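First comes the structure, then the notes that go with it.
The values are calculated or read from the model by the stated rules, or taken from the named source; none is laboratory data. Owing to the predicted nature of the structure, the values given are computational and were not obtained by experimental measurement. Neighbour counts run over all protein chains shown; Cβ positions are idealised from the backbone, glycine included. We work out accessible area using only protein heavy atoms, side chains counted, and drop any ligands, DNA or RNA first. Shrake-Rupley method; radii C 1.70, N 1.55, O 1.52, S 1.80 Å.
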Amino acid sequence: MSNRAAARLHGYQTAIWGELTAMSNRLGATNLGQGFPSWDAEPFLKDGAIKAIAGRDYASSMALQRPLGSTNNPNSGVPTQFPVVPLNQYTRSAGHMPLVNRVADMYTEILGCKIDPMTNVLITNGATQAIFNVTQALLNPGDEAIVIDPAYDSYAPCIELAGAKPVHVPLTRVEPHGPDKKNPVLVDAHSPIAQCPTSAEFVLDAEVLERSVTPGKTKLIFVNNPHNPSGKLFSLAELTQIANIAIKHDLVVVSDEVYEFMIYPPVQKLARMASIPGMFERTVTFGSAGKTFSVTGWKIGWCVGPPSIIHPMFLHHQYTVYSVATPLQDAVSSAIANAPEHDYYARLIRTLREKRDKLCNVLHDVGLTPFVPEGAYFVLADTSRVRFPEDDVVKRYEAKGQKLSRDFAFAYWLMEEIGVAAIPPSIFYSPENKHLASNLVRFCFCKDDSILDAAATKLQKLRPFIL
Ligand code: PMP
Ligand code: GLN
């Protein structure tokens, strides 16, 4: 097969997500790999989408039987919440007004400053498009952008696709200090995982960060809070350190906050980069309906920032995407409006926190020490005590032309022999930092209890391999 791929794509391989899910399905493994909820969207969300697609004509002719003798007016007797005309055509390029207005109101409250729906908001095809878009909109060839490893796997390729260079700064592991040497994660004191390390052990060294800035070249820094894959919550103090560097070197901060509503007690409120004094003007915040409302297939994302960032992003968006699915934008707008009445955010946190503790207890019990996450729906676990036949796995894959690092060998073995699919976290690291993931594996816990229970049963098979 001739290689028709443009030079800018050389060296890229198929990303792990779909492949791992397909492999897991083929093997009949329990899938705690790719992060998507196993449950369906709540009725109040789906209702919004159905109504937006159907409109009142449909509702009157199909969904609701009109009594004999009623008038011919197709809208008579039809609940008024159905739009008169279905919303199946293009909408405003920068975002459907009902959604843009809701996002503006929501962030006016969250950030404590007035967000203008017309100039401060852009709706994208998920946060993934926002990542591509912001790099295309703000980076020139030869520029640099800082990525904190481990990082979502599309940051670096998008920076490169803009002709710029990703510069990687690793989070390092620091064990807790203080009298009780405990991390700030609230779990039942009697629970075995109360003694486990937490995601707060992954810390950013601000001096290393500042040293990675090349004056005149560095334009952007990506910060992901709550953090995938660790579940770390950057504190206000940590964000302020980053903010100070951004202000000093005139950098834009891309604050990827797609897991913004998944934060576990004792933390009640996510620290927001854009609300730090002096930061709104240089921060673009990303959110995702896929994460917030457990509809990863809807691909609706939002970007909030100053016009100096949002307008260039829009210029790129109008020629590459134009507009994002109208009925789904409409449904997300209703979902944001209706979420409080359904106690949605509090229920999401309660549910995920229970699942976090359930999975962490199992991992701890079988000898895969978890770093109990403070946010998001992933947990990293330490695999260093597992004596699995690494050489055999590596040789087997070598024969198929694949060179595996330890974390990949472990993840493949876990899926093939133990029957549980998980992510090898080196995919979140740059080549120079991949070694930091050797003894780690990432599980996601946004799964029904039956799936977590099935994984728990299978993970018992690890016991004979634990040192
Ligand atoms: N950022 C992070 C940190 C993520 O984990 C994801 C998950 N896919 C995304 C961005 C992309 O979000 P979306 O599904 O809205 O494109
Ligand atoms: N964000 C999800 C994860 O980290 C999935 C991303 C994707 O499938 N592209 O698991």
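Before moving on, here are some points about what is shown:
- Criterion violated by residue 365 - all others in (1) open to solvent by 50 Å² or more (accessible area, probe 1.4 Å); (2) within 16 Å of ligand 2 (Cβ to nearest atom) satisfied: (2)
- Whether a residue is crowded, with 18+ Cβ neighbours inside 10 Å, in contact with a helix residue (DSSP H, G or I) (Cβ under 6 Å, 6 or more places away or on another chain) and at pLDDT 95 or above was assessed, and residue 422 passes this test.
- For region 287-301, the candidate set comprises residues that are under 12 Å from residue 256 (Cβ atoms) and either touching a Lys or Arg at 6+ places or on another chain (Cβ under 7 Å) or in a strand (DSSP E or B) (or both); within that set, the residue that is farthest from ligand 1 (Cβ to nearest atom) is 287.
- Residue that is farthest from residue 313 (Cα to Cα) [pool: residues in region 101-160 that are within 16 Å of ligand 1 (Cβ to nearest atom) and part of a loop (DSSP other than H, G, I, E, B)]: 150
- Of all residues making up region 215-246, the number that are touching a residue at least 40 places away in the same chain (Cβ under 8 Å) and within 20 Å of residue 429 (Cα to Cα): 15
- Here residue 460 meets the list (1) surrounded by 14 or more Cβ atoms within 10 Å (Cβ to Cβ); (2) touching a helix residue (DSSP H, G or I) at 6+ places or on another chain (Cβ under 7 Å) almost entirely, failing just condition (1).
- Looking only at region 296-314, and only at residues there that are open to solvent by less than 10 Å² (accessible area, probe 1.4 Å) and over 18 Å from residue 118 (Cβ atoms), the one that is farthest from ligand 2 (Cβ to nearest atom): 300
- Remark: residue 329 matches the filter, which requires a residue to be under 28 Å from residue 18 (Cβ atoms) and among the polar types (S, T, N, Q).
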